[in-house]
Amino acid sequence: MPLLERSDWYDIARDTNWTPDFVPREELFPSELSDPYDIPQAEWETFDEPYKVSYREYVKVQREKDSSAYSVKAALSRSKFHDGLDEGWASVLKLHYGAVALTEYQASQFQARMVRFGPSPSMRNMATYGMLDELRHAQLQLYFPHELLPRDRHYDWAHEAAHTNNWAILGGRHAMDDVMMCRDAITGAIMVSFAFETGLTNLQMVGLSTDATNMGDFTFANMITSIQSDEARHAQLGSPAIEIMIKNGRKAEAQQAVDVAFWRMWRLFAITVGIPMDYYIPLEQRHLSFKEFMHEWIIRQYDRQVRELGLETPWYWDLLKDDIENHHHCQQGGIWSWRPTVWWNPPGAVGPREREWLEEKYPGWNDSFGTYWDVITDNLLNDREEKTHPECIPIICNMCQIPISNRPGKLWKARVYQHEHEGRRYNFCTEPCRWIFTTDPERYKKHESIVDRMYSGEINPPTLDNVLTYMGIGVVSEGGHDGHDYRWIDGFRAQAAE
Amino acid sequence: MTDSSDFKPLKTWSHLAGQRRRPSEYEIVSTNLLWSTDKEVPWELAPGVHMNQWYLKYRDASPLKHSDWNAFRDPDEMVYRTYNIMQDGQETYVDGLLDEYNANDHDGGLNAAWIQQLAELYTPGRYLLHAAQMGSAYLVQMAPASTIVNCAMLQSADQLRWVSRIAYRTKELSLAAPEAGFVDGERGHWQGHAAWQGFRELMERTLVAYDWAEHFTALNLVAKPAIDEAFVRQLGSVARREGDGLLQQLMDAHQTDNARSRRWTKSLIGFALEIDGNKDVLGEWVTKWAPLGDAAIDAYCAALPNADSAASEAKGEVEAFRADLGLGR
Amino acid sequence: MPDMDQKRRNSVGPVLRAGEVADAVVEAIQEDNPDKDFVIENRIAYVRVETEGECFIRQETLSEMLGRPITMPEVEINLTSFAGRIETTDTYMRFYLEKEL
Amino acid sequence: MSTFPILSRFQYDCHVKVVEAEAAQTMDMLAEACAYHSIGLHVADQPGKILRVRPTTDADDAEPWPRDMTVAEAGIKYFDSIDIYFTDQSKA
């Protein structure tokens, strides 16, 4: 006789709420950890995750996924792929693993919050798989770069980065701790599962796989798309939570959670995905521009999903569209200029052909970002390498912790958005980052950016060496240098010779 | 800054490079993964934020102390991919059991009295194990080292495994005995039947024991052993006597997961007992929680048919487990 | 680009890792949704399959196209993402939108 | 300490930079200090033009401070954002 189908017994396994008698319910599900919106338990029991799986199916399917991911890795390990690897692609890997590996691990702790404090048993079960998924992602993304350690000390950052105070890591931790680690189960489900995992993770884990395949890095392409297949499932924890919120008169709160989380993640992902796609990947291997991927996955698909659930397009959507044309170009410049502060070797990668591509994909690039690189190119062509290293630092945003920048050149838009709160002045990169602060000043007000720390005495004295040491440079590994040893200016030499 | 010549390529992570032997896959992917234990303020937000206060109070200020929790190792060295390989095999075995008994119309051969016992004493167990799933997940959030977190994570998943299998059996039994109250009756039994009230009190109180180490003690030294011995082992034995070979074999399969849980529990206790003062801390918690565990066992076993010695056997086994950890009463 | 953003605003469908399962899905989904026009975008590492409003992947058809039996949970191995809402059952997956914009 | 950080919003530069200012500096000196971190690094020089300093405002339309006014006299404080911008000799 055939075994039962999953649907025959699935609902029984998620019918596990009971009424506590020995301890008060509010002690069992404290609102700050569970549901701060006072939505009745019966409402949460209507939670129905659209993407279902059983334990039995889970261990079987996940075993197969891993079997595939690890066998592709083994095959590539035996090949000579990493010998003579382009340093642009190596930078993608170094940046990716350093930013992602331990973040995935903390995500398993966040999923555990939903397992323990989720008011709906369905949510608790789904999040149990989510928790395991994130363990998988952390372990894959530690095991794979570990093999690269004998090639390059920078790969040690896959494990160490999150333990340092590197400026890029402070940005990552501040955002992740805000959106993921310091939220109740419900707000977290909206912020992480919906706003993050149905949106921007697609860029990093699916969009980037196209470039990886073009590079011949099938291990990486296979790994990240396999990771996203887990995310696609457990991300579905978010939409029922949003719908229950709206049904119970909490649309405004759900909207704010989505808008805050999306913007915070956007500011990070433009760096970890946008820069690789438009600069680090050699021109011949680029498929679409970051902007094109953003329009495919975010402007069209994510926004559609937001509206499908009954929320509105975020108020800052026009600002986002502008930021898509702008933010990662600025940060490519900043990261390259301050390359000794990062754990990868960012290529400038703006030779004549690359500039032509950038101008085509981002009309106006030459008049704006081009002027910035003109000065740098001129310095390099005229043996003034030292002038490519600034002696000062950029001001850092008190929300996203990223250097405050905007379009240079004719279209000059660089500006700091300031805000006074209880006698302290805060500096923000954009209107949305400032807005996020005002939604909950208590949450953010005591935090110090790395620039604040240079003036508050935490980094004392704030000499260049001390700041670099504070950031883990010269501690975990050396900092970065131009990934192509400035070969990208050769095209200009050739032009000049003609 | 260090001279660049110090940065030779590595064979393993710098934090493992000091040890003599080559690190295992387990160590490479499992050790020192928490960033929230690096600094005085756990999370990169204002120190006063509720979650920072929660971690400072319930994790960092726990009376159970160790200067290097990260040195803990899971004796099974379980990683995600080996867990799935192992559990896929275990689940295939359970599928086989269910298929085989189903083919022989096992449920049709059960007597009415036993079916009633199953409805009252077996299928409501999904609430019990789900509570253990939630409690284990609390440890995932709060344990001070990733190697401890991982053990708790797989323990939480194991509970869901058996919640699912109980749900599966609940449906099967409801088809065999539509009048016995399966599917809809379990919550009433869990909340009202005398057999479950000890367990329910134990689990509700365990779930609000928010100090991470007290939670671990209540869950892994008291509640889970009580569940393992009374619900899994004693009910399994009764099933054997009642001719319910399927339940007996399911419970035997369940014990495999319990044994793994006990192995890491024993290792973690041994690790904690290296530090002066921890024995007293753990001893006090055991003294506080063990009576609740005993009461749960007593209440549950009293309801088991023809099982006069069940409670004393179960309590004896639980006590022996703790004695083996050096924490006998 | 704004044109594309506007035109396909009610698009739904799976995004699959390139490979034999993706190829089989592309065939099966068109067979099972004969009244629909599909846009199939090959992005080298992944394939985006989209249509307006609603579409199904059925286990039976997919197994036929693949030439071997496949369960719906096994589709997850290659289902890296999707547009729209999802419904997962033992015998089919459905991608759909409730609101038309 | 007589120096303190101000935010240099230097015309045409991509980044807003932290530059040390001194109370006794004139605006010309402050402009020069800011220029040191932008011109020739990220911004092309414009020989013949004069750099002026004004408070940052939303519309970029504030009056510049007199070139010989000091930082203290202008009331520029810790982490104030100021614009440094190119002007024609005649307008200066």
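I want to confirm something. Restricting to the range A:451-476 and keeping residues that are within 11 Å of another protein chain (Cβ to nearest Cβ), open to solvent by less than 30 Å² (accessible area, probe 1.4 Å) and part of a helix (DSSP H, G or I), which single residue is farthest from B:W13 (Cα to Cα)?
Within the range A:451-476, the match that is farthest from B:W13 (Cα to Cα) is A:D452.
Write out, first by first residue and then by second, each pair whose Cβ atoms fall under 7 Å of each other, whose residues are 6+ apart or on separate chains, and whose first residue, in the range A:345-372, is farther than 23 Å from A:K321 by Cβ while the second is among the basic types (K, R).
Close Cβ pairs (under 7 Å, with a partner that is among the basic types (K, R)) amount to A:P346/A:R339.
So which residues in the range A:25-48 are more than 8 Å from chain B (Cβ to nearest Cβ), open to solvent by 60 Å² or more (accessible area, probe 1.4 Å) and in a loop (DSSP other than H, G, I, E, B), if there are any at all?
Of all residues in the range A:25-48, those more than 8 Å from chain B (Cβ to nearest Cβ) come to A:25-26, A:29-31, A:34-48.
So of that shortlist, the ones also open to solvent by 60 Å² or more (accessible area, probe 1.4 Å) come out as A:25-26, A:38, A:40, A:42, A:45-46, A:48.
If the condition is that a residue be more than 8 Å from chain B (Cβ to nearest Cβ), open to solvent by 60 Å² or more (accessible area, probe 1.4 Å) and in a loop (DSSP other than H, G, I, E, B), then A:D38, A:P40, A:E45, A:T46, A:D48 are the ones that fit.
In this structure, does A:D152 turn out to be open to solvent by less than 10 Å² (accessible area, probe 1.4 Å) and of a type outside the set (A, V, I, L, M)?
Details: open to solvent by less than 10 Å² (accessible area, probe 1.4 Å): no; of a type outside the set (A, V, I, L, M): yes.
No: the conditions fail for A:D152.
Restricting attention to the range C:58-101, report how many residues are charged (D, E, K, R), at the interface with another protein chain (Cβ under 10 Å from one of its Cβ atoms) and in a strand (DSSP E or B).
Adding up the residues that qualify gives 3.
Would you mind finding the one in B:E172, B:E242 that is within 12 Å of chain A (Cβ to nearest Cβ), acidic (D, E), farther than 19 Å from B:L325 by Cβ and open to solvent by 10 Å² or more (accessible area, probe 1.4 Å)? Let's see the steps before the verdict.
Numbers: B:E242 fails: within 12 Å of chain A (Cβ to nearest Cβ).
Just a single option satisfies the conditions, and that option is B:E172.
Listed here are the residues, each with its yes/no results for (1) within 11 Å of another protein chain (Cβ to nearest Cβ); (2) of a type outside the set (K, R); (3) without any contact (Cβ under 8 Å) to a residue 40 or more places away in the chain; (4) within 28 Å of B:P63 (Cα to Cα).
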{"position": "B:I85", "(1), (2), (3), (4)": "yes, yes, yes, no"}
{"position": "B:D99", "(1), (2), (3), (4)": "yes, yes, yes, no"}
{"position": "B:Y122", "(1), (2), (3), (4)": "no, yes, no, no"}
{"position": "B:M153", "(1), (2), (3), (4)": "yes, yes, yes, yes"}
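Looking at (1) facing chain B (nearest Cβ under 9 Å); (2) open to solvent by less than 10 Å² (accessible area, probe 1.4 Å); (3) charged (D, E, K, R); (4) over 30 Å from A:Y10 (Cβ atoms), can you tell me which one A:E160 breaks?
All conditions are met except number (2).
Within the bounds of the range A:268-283, is there any residue that is more than 14 Å from chain C (Cβ to nearest Cβ) and over 22 Å from A:N214 (Cα atoms)? Break it down into steps so the answer makes sense when it comes.
Looking only at the range A:268-283, we keep the residues that are more than 14 Å from chain C (Cβ to nearest Cβ), and these are A:268-276, A:278-280, A:282-283.
Filter once more, keeping what is over 22 Å from A:N214 (Cα atoms): A:268.
Yes, because at least one residue in the range A:268-283 is more than 14 Å from chain C (Cβ to nearest Cβ) and over 22 Å from A:N214 (Cα atoms).
Just to be sure, is A:T198 of a type outside the set (G, A, S), within 16 Å of the chain's Cα centre (by Cα) and within 14 Å of chain C (Cβ to nearest Cβ)? Please lay out each step first, then the result.
Working: of a type outside the set (G, A, S): yes; within 16 Å of the chain's Cα centre (by Cα): yes; within 14 Å of chain C (Cβ to nearest Cβ): yes.
For A:T198, the condition - of a type outside the set (G, A, S), within 16 Å of the chain's Cα centre (by Cα) and within 14 Å of chain C (Cβ to nearest Cβ) - is met.
Quick test for you: out of B:Y83, B:Y93, pick the one residue that is part of a helix (DSSP H, G or I), assigned by TED's automatic domain parsing to the domain that holds B:A213, touching a helix residue (DSSP H, G or I) at 6+ places or on another chain (Cβ under 7 Å) and surrounded by fewer than 18 Cβ atoms within 10 Å (Cβ to Cβ).
Working: B:Y83 fails: surrounded by fewer than 18 Cβ atoms within 10 Å (Cβ to Cβ).
Of B:Y83, B:Y93, the one residue that is part of a helix (DSSP H, G or I), assigned by TED's automatic domain parsing to the domain that holds B:A213, touching a helix residue (DSSP H, G or I) at 6+ places or on another chain (Cβ under 7 Å) and surrounded by fewer than 18 Cβ atoms within 10 Å (Cβ to Cβ) is B:Y93.
Any residue that is open to solvent by 10 Å² or more (accessible area, probe 1.4 Å), farther than 29 Å from A:A254 by Cα, assigned to a helix (DSSP H, G or I) and of a type in the set (F, W, Y) - is there at least one of those in the range A:166-174? So that I can check it myself, show each step before the final result.
If we filter the range A:166-174 for residues that are open to solvent by 10 Å² or more (accessible area, probe 1.4 Å), which is where we start, we get A:167-169, A:172-173.
Those left that are additionally farther than 29 Å from A:A254 by Cα: A:167.
Next, only the ones that are assigned to a helix (DSSP H, G or I) stay: A:167.
Remaining after also requiring of a type in the set (F, W, Y): A:167.
The answer is yes, given that some residue of the range A:166-174 is open to solvent by 10 Å² or more (accessible area, probe 1.4 Å), farther than 29 Å from A:A254 by Cα, assigned to a helix (DSSP H, G or I) and of a type in the set (F, W, Y).
Which of the following residues is open to solvent by 30 Å² or more (accessible area, probe 1.4 Å) and farther than 18 Å from B:L98 by Cα: B:A194, B:A230, B:A209? Steps first, please.
Working: B:A230 fails: open to solvent by 30 Å² or more (accessible area, probe 1.4 Å); B:A209 fails: open to solvent by 30 Å² or more (accessible area, probe 1.4 Å).
Going through B:A194, B:A230, B:A209 in turn, the sole match is B:A194.
Restricting to the range A:49-82, name every residue that is of a type in the set (A, V, I, L, M) and either assigned to a helix (DSSP H, G or I) or touching a strand residue (DSSP E or B) at 6+ places or on another chain (Cβ under 6 Å) (or both). Walk me through it before giving the result.
Step one: list which residues in the range A:49-82 are of a type in the set (A, V, I, L, M), which gives A:53, A:59, A:61, A:69, A:72, A:74-76.
Matches in the range A:49-82: A:V59, A:V61, A:A69, A:V72, A:A74, A:A75, A:L76.
What are the residue pairs meeting all of these: first residue in the range C:31-46, first residue closer than 16 Å to C:I57 by Cβ and away from chain A (no Cβ under 12 Å), second residue among the basic types (K, R) and open to solvent by 60 Å² or more (accessible area, probe 1.4 Å), Cβ atoms under 6 Å, and 6 or more apart or on different chains?
Here the result reads C:D32/C:R58, each pair linking the range C:31-46 to a residue that is among the basic types (K, R) and open to solvent by 60 Å² or more (accessible area, probe 1.4 Å).
If I ask for residues that are without any contact (Cβ under 8 Å) to a residue 60 or more places away in the chain and assigned to a helix (DSSP H, G or I), which ones from the range A:432-443 would you list? Reasoning before the result, please.
Taking the range A:432-443 and keeping what is without any contact (Cβ under 8 Å) to a residue 60 or more places away in the chain, we get A:434, A:437-438, A:440-442.
Selection gives A:R434, A:F437, A:T438, A:P441, A:E442.
Taking the condition out of contact with any Gly (no Cβ under 8 Å at 6 or more places or on another chain), more than 10 Å from chain A (Cβ to nearest Cβ), closer than 30 Å to B:S164 by Cα and not in a loop (DSSP other than H, G, I, E, B), does B:L56 pass? It would help to see each step written out before you state the result.
Details: out of contact with any Gly (no Cβ under 8 Å at 6 or more places or on another chain): yes; more than 10 Å from chain A (Cβ to nearest Cβ): yes; closer than 30 Å to B:S164 by Cα: no; not in a loop (DSSP other than H, G, I, E, B): yes.
Judged against the criteria, B:L56 is not a match.
With the requirement that a residue be more than 30 Å from A:H447 (Cβ to Cβ) and open to solvent by less than 10 Å² (accessible area, probe 1.4 Å), what does the range A:378-401 give you?
A:N379, A:T388
Just for the range A:331-344: of the residues that are more than 11 Å from chain D (Cβ to nearest Cβ) and either in contact with a His (Cβ under 9 Å, 6 or more places away or on another chain) or free of Cβ contacts under 8 Å to residues at least 40 places away in the same chain (or both), which one is surrounded by the fewest Cβ atoms within 10 Å (Cβ to Cβ)?
Taking the candidates together, the pick is A:P340.
The values are calculated or read from the model by the stated rules, or taken from the named source; none is laboratory data. As the structure is a computational prediction, the values presented were derived from the model and not from experiment. Glycine gets a Cβ as well: all are built from the backbone with ideal geometry, and neighbour counts include every protein chain shown. The protein model used for the area step is the full one, side chains on, heavy atoms only, and it has no ligands, DNA or RNA in it. Shrake-Rupley method; radii C 1.70, N 1.55, O 1.52, S 1.80 Å.
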